[in-house]
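The values are calculated or read from the model by the stated rules, or taken from the named source; none is laboratory data. On a predicted model such as this, the values are computed, not experimentally measured, just so you know. Cβ placement follows ideal geometry from the backbone for every residue including glycine, while neighbour counts extend to all protein chains displayed. Heavy atoms of the whole protein, side chains included, go into the accessibility calculation; ligands, DNA and RNA do not. Shrake-Rupley method; radii C 1.70, N 1.55, O 1.52, S 1.80 Å.
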Amino acid sequence: IRPKQLPDKRDAVYLAMTIDAWWPAAITRFAGFRPIGTVGYFLQVLDDDVPDTPLFHRGVCVSARDGYMAEHRELWSDDGRLLAINDQMIAIIA
C-alpha cells in the first residue's frame, strides 16, 4: 500500500492513516455493499521509521457474527520490519 503522493513526513500519523486505508477483510464475503462503522480502534506503532517504499498491508477478519466484525491489521516494511498493528471492532449496519 502506498498513496499516490508520498508525504514528506512519514510518522505515526502516516501509519494510522495507511493501516486504515483498505476495506475490512470480511467485506469480500458480502453479497453487496453494506454500511459499516468502526466502534473500536486500537493502534500500536512499533517502529515509526517508515521507508519511502510501498508497505505490505495484512488484514484478517478474526471473527464476524451478530452484526460485528473483529479485524486485525498489520503494516510491514519492505525490509521485514513490523511497523504497526491495528485491531478494530466494526459494526455491520442493517
Practice prompt. For Asp66, indicate whether it is of a type outside the set (Gly, Ala, Ser) and on the phi > 0 side of the Ramachandran plot.
Written response: yes
Discussion item. Condition first: touching a helix residue (DSSP H, G or I) at 6+ places or on another chain (Cβ under 7 Å), open to solvent by 40 Å² or more (accessible area, probe 1.4 Å) and small (Gly, Ala, Ser). Now tell me which residues in region 51-76 satisfy that.
Written reply: Ala64
Worksheet item: Which one is farthest from Gln88 (Cα to Cα) among residues in region 6-50 that are exposed (fewer than 15 other Cβ atoms within 10 Å of the Cβ) and among the basic types (Lys, Arg)?
Response: Lys9
Worksheet, complete the sentence: Taking region 63-94 and keeping residues within 21 Å of Phe30 (Cα to Cα) and either outside any strand (DSSP E or B) or over 13 Å from the mean Cα position of the chain (by Cα) (or both) leaves Ser63, Ala64, Arg65, Asp66, Gly67, Tyr68, Met69, Ala91, Ile92, Ile93, Ala94
Fill in: First in region 74-85 and without any contact (Cβ under 8 Å) to a residue 24 or more places away in the chain and within 11 Å of Pro51 (Cα to Cα), second anywhere and among the aliphatic types (A, V, I, L, M) and surrounded by fewer than 16 Cβ atoms within 10 Å (Cβ to Cβ), Cβ under 9 Å, 6 or more apart
Trp76/Leu82
Fill in: Any chance Arg81 is open to solvent by 30 Å² or more (accessible area, probe 1.4 Å), farther than 16 Å from Asp11 by Cα and charged (D, E, K, R)
no
